1. Modelling each spin label as a point 7 Å along the Cα-to-Cβ direction, I'd like the ASP71/PHE106 distance in nm, to one decimal.
2. Once label points are set 7 Å from the Cα along Cα→Cβ at both SER145 and ASP61, what is their separation, rounded to one decimal in nm?
3. Hey, can you grab everything whose amide H is under 5 Å from the amide H of TRP140? Only 5+ residues off in sequence or another chain; H modelled, so Pro and N-termini drop out.
4. Roughly speaking, to the nearest percent, how much of segment 107-166's 1.4 Å accessible area is carbon and sulfur?
5. Distance from a point 7 Å along Cα→Cβ of ASN42 to each backbone N in segment 99-140: keep the residues under 19 Å and list them by number.
6. Between ASP125 and SER31, what length comes free when the chain is fully extended (0.36 nm per residue of separation minus the Cα-Cα distance, one decimal in nm)?
7. Would you tally the net charge around SER117, using a Cβ to Cβ cut-off of less than 15 Å, leaving SER117 out, and scoring K and R as +1, D and E as -1?
Amino acid sequence: PPAYNAPADTCPQGNPTAFTTYKFNLDPGNSHSGLRDWDGANSIQLSELTLYDIYGTALLDGLTCTNPGGDNPGGELPEHACDGLTADDPNGCSGCANSGHKWLDFQKGDLILTFESPQQVGSWDWQTANDAPARDPTLWRLEGSNDGASWTTLDDTYAQAPFPTT
C-alpha cells in the first residue's frame, strides 16, 4: 500500500515541541476533499499511523487512539491504526478486512493519538489499507495539542495540494 513518510525535520519544523495529543486531520480545509474520491468512498481507512521520537523510535507506550464521532466496524477500530503493525510485520495481516489490523470510519473523521505524557515527535508515517483506493487520504494535516481544544499545525505539506497517490 502507498505510504507517506514525513521528512525528519517536519514535525514540527526545527525544534520539536512535546504534546500529549496529536491529530491526523483528514479534511484540513473542511472541504470534503481529503480522500482520493470523497464522494465515491463510503469511508476512510488506514492500515497504520506511526509517530516517531527524535531518535527514530516508534512512540507506542502509553498511546491511545480514538476517532471522536466516528462510525467504526467492530474489527476496524481506531486503535488498530496505532498498534505498530505494518504491512511487513510477520505478526499479522496489516490492512486485511476485519482482522484487527486497520482502521475504518464511515464518518470520514480524524484520528486522535493521545499519550499519557507529552511526547516529542521527530517524524511520522502512515500506510493506506488494502482494498479500496478511493478511501485513501490525499489531503491531511498533522496537529499537536496539550488540551485537545487548541491545535498547533506540525506538518501541512499536503493540506492543500493533494498527495500524489500511486
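1. 0.4
2. 2.6
3. Distant-sequence amide H within range of TRP140: TYR158, ALA159.
4. Summing carbon and sulfur atoms, their accessible area is 43 percent of the total for segment 107-166.
5. Once the point is set 7 Å along Cα→Cβ of ASN42, 99-100, 102-109, 129-137 turn out to lie under 19 Å by backbone N, inside segment 99-140.
6. Gain on stretching ASP125 to SER31: 31.5 nm.
7. Around SER117, the charge tally is -4.
The values are calculated or read from the model by the stated rules, or taken from the named source; none is laboratory data. Computed from a prediction, not measured in an experiment: that's the story for all the values here. FYI the Cβ positions are ideal-geometry reconstructions off the backbone, even for glycines, and counts take in every protein chain you see. For the accessible areas, the whole protein counts, side chains as well, though only heavy atoms, and no ligand, DNA or RNA atoms are used. Shrake-Rupley method; radii C 1.70, N 1.55, O 1.52, S 1.80 Å.
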